[in-house]
Amino acid sequence: MMVNRRISSVVAVGILVVALTASWLARQDRVVMSVPAVATGTLSGHLVAVGGPSGTSFPLAGALSVMSVREAGSPTFGLSVESDGAFSVVVPAGTYQVEGMSPSFEDGKALCAPEPDPVEVDPGANVVVDVICTMR
């Protein structure tokens, strides 16, 4: 009988502790941490060869490197360009240097650049730029 009373007392104290803790937690201010949203824009366009004997332009498959001017020299984004030459990438708003290469253009050893360079991407904007490989 003495054991039953002790068990009952321990259970009652446990229930009281749980109830008090729940009550205390319910009254506490909640701290909500949020990460500020980064304003972004889209940089899109085509990697194209321009010039040569025919003076025409045509799309190139290859790769692009999109580098933040603030972090010059370190690639921020690298992306593949399909055979239609099209590319699109969402980037934080800012100023970027864009360079392209294609195995179809001077064996992939020459860099191709957009006009204008560098490229400014504003928040919410879709900046369309052609990255041009100038053929001689």
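The values are calculated or read from the model by the stated rules, or taken from the named source; none is laboratory data. Note that the coordinates shown come from a computational prediction; the quantities given were computed from them, not determined experimentally. All Cβ positions, glycine included, derive from the backbone under ideal geometry; neighbour counts span all protein chains shown.
At-a-glance table
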item	result
Cβ-Cβ under 8 Å pairs, at least 6 apart or on other chains, segment 109-121 side closer than 23 Å to Val38 by Cβ, far side assigned to a loop (DSSP other than H, G, I, E, B) and among the small types (Gly, Ala, Ser)	Val121/Ala93
Every pair of residues 6+ apart whose Cβ atoms lie under 7 Å, when the first sits in segment 82-102 and is farther than 12 Å from Ala63 by Cα while the second is at pLDDT below 90 and among the charged types (D, E, K, R)	Gly94/Arg70; Gln97/Asp117
All positions within segment 79-128 that are surrounded by 19 or more Cβ atoms within 10 Å (Cβ to Cβ), touching a Pro at 6+ places or on another chain (Cβ under 7 Å) and in a loop (DSSP other than H, G, I, E, B)	Gly85
